[in-house]
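Right, one structure below, let's go through it.
FYI, it's all coordinate maths here, none of it is from the lab. Since the model is a prediction, treat every value here as computed from it, not as a measurement. We place every Cβ from the backbone using ideal geometry, glycine too, and count neighbours over all the protein chains shown.
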Amino acid sequence: MGKYFGTDGFRGEANEVLTVEHAFKVGRYLGWYFGQDHKARVVIGKDTRRSSYMFEYALAAGITASGADAYLLHVTTTPSVSYVTRTEDFDCGIMISASHNPYYDNGIKVINGKGHKMEAEVEEKIEAYIDGEVGELPLAKKEAIGRTIDYAAGRNRYIGHLISLATRSFKDMRIGLDCSNGSAFAIAKSVYDALGAKTYVINNEPDGTNINTNCGSTHIEVLQKFVKEKKLDAGFAFDGDADRCIAVDENGNVVDGDLILYVCGKYLKEQGRLNGDTIVTTIMSNLGLYKACDKAGLKYEKTAVGDKYVYENMMRNNFSLGGEQSGHIIFSKHATTGDGILTSLMVMEVIMEKKQTLGKLAEDVKIYPQLLKNVRVADKQTARENAEVIKAVDAVAEALGDDGRILVRESGTEPVIRVMVEAATDELCAKYVDQVIDVIRAEGLIVG
């Protein structure tokens, strides 16, 4: 990770950690970097946070001041920016979003011309420019100054792309959508309505400060209650920028990323469409997923946390399906990044083609109880490498043996250490997580 850019872009509290000056300089550098030998074209999307407008204008000012053209998709999803960037010959794309974070945070995600997350070496050059370590960039003059262009048509083409992926009509299906008062509000219902579903939508009235607030994929209990009350066939919850999807079955049970990987992976394997009969997971995936995969003859890979690492593994090995427990799921035939709405459509394909409920499709996976707690620390690396913390983690791992596991890792986007335990019971999970956190506290590593 760089000084500003983490595993998922440059993220932090708006006008505190991430400022308009930062955004302007990111725009200035990208406009210049990609426009050295031609008129560069950069496409920008944003989520519904109040600060997203501020950053959109700052980025566009920087891009056009460097002589490139800025194309504005307006409120849209991260995967739509990726799709438009790679299919419409843009030099790069920018998404303004802090994903599942609170409304007062924001972020800048930079996407390369192939629709992937921008290469680390380019992010490092942007950081050097922000910090004044390179000379000032030339300003465009006269007719060389760039333009800002309304490009809502790009978002509409993405909606058409999603609709085209459905294998059959969703007629007579009663589907719930929780749009998290975020990017999906402008897209998800349009797609499901076009496919014939009876669509019930909640949390689709963004006001700039309610994105992710008690809604969406990080507050799945809201959709669980809604699905049960309305007696729906299934529900899908997205996060702020709609690159995640968590599902709810007909009984109100959560179908998280692990279960989605199993349901779709098993189906694609049966269809002969799962390359290598392999799904790509992260180290956060549940033991229950792996045990179910073993029984179904599904192979699996494990990567570091982050859909960036999942995608790199998929590309290196030509795999079709990968993702995270959190709901970042990548279908490499259709996308280069996690796409929540696309994921929901792929789950619907399995439901429709197998003529089975989502609950039935997911029932083979027996999820181990899992507890994850975040601990805010002064320095992540110091906390993780502390000798007493390491000793405490090793003691828990030995106590769990083959009946569970412990994972302690640094967050890629926040100043926290994540402590996760899987075990036979919730009580054991709580006991061992707290045991390690008590040591972190005793070592004076916790702040706040």
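Couple of notes before you dig in:
- Restricting the stretch 93-175 to GluC sites (Glu not before Pro) that sit in a DSSP loop and have at most 15 other Cβ atoms within 10 Å of their own Cβ leaves 119, 133, 136.
- Normalised by residue number, the volume inside the convex hull of the Cα atoms of the stretch 370-442 is 75 Å³ per residue.
- Here the simple spin-label model places points 7 Å from the Cα toward Cβ, and for residue 425 and residue 388 these points are separated by 2.9 nm.
- Put the Cα centre of the stretch 94-167 next to the Cα centre of the stretch 35-81 and the gap is 6 Å.
- Between residue 381 and residue 114, the contour length at 0.36 nm per residue exceeds the alpha carbon distance by 92.8 nm.
- Distance in nm between pseudo-label sites at residue 332 and residue 275 (7 Å out along the Cβ direction from Cα): 0.3 nm
- Residues whose placed amide H lies under 5 Å from that of residue 105, excluding near-sequence neighbours: 14
- Cβ crowding within 10 Å averaged over residues, with 439-448, 335-344 ranked highest first: 335-344, 439-448
- Candidates per trypsin sites (Lys or Arg not before Pro) in the stretch 281-342, loop by DSSP, up to 12 other Cβ within 10 Å: 333
- Length available on full extension from residue 36 to residue 87: 0.36 nm per residue minus the Cα-Cα distance, which gives 16.2 nm.
- When both the stretch 346-396 and the stretch 305-340 are represented by their alpha-carbon centers, they are found 17 Å apart.
- Euclidean distance between Cα centres, the stretch 197-274 to the stretch 415-448, Å: 29 Å
- Between amide H atoms placed 1.01 Å from N, distances below 5 Å from residue 279 occur with 299, 300, 301, all of them 5 or more places distant or on a separate chain.
- Calculated FRET efficiency, residue 407 to residue 3, Cβ-Cβ distance, R0 = 30 Å: about 0.70 to the nearest 0.05.
- FRET efficiency for residue 150 and residue 399, using Cβ-Cβ distance with R0 set to 56 Å, rounded to 0.05: 0.40
- Extent along principal axes [Cα atoms of the stretch 289-448; Å; largest to smallest]: 55, 31, 28
- The orientation-averaged projection of the convex hull spanning the C-alpha atoms of the stretch 269-374 amounts to 6.9 square nanometres.
- Pairs with C-alpha atoms separated by more than 28 Å, drawn from the list 231/333; 125/308; 46/269; 117/225; 230/354, are 231/333; 46/269; 117/225.
- Surrounding net charge for residue 130, when Lys and Arg each add one and Asp and Glu each subtract one, Cβ distance under 13 Å: -3
- Report summary: the helix-based calculation at 222 nm, which adds -39500 (n - 2.57) for every DSSP H run with n ≥ 4 and divides by the residues of the chain, gives -12000 deg cm²/dmol.
- Per DSSP, loop GluC sites (Glu not before Pro) in the stretch 337-436 with at most 16 further Cβ within 10 Å: 363
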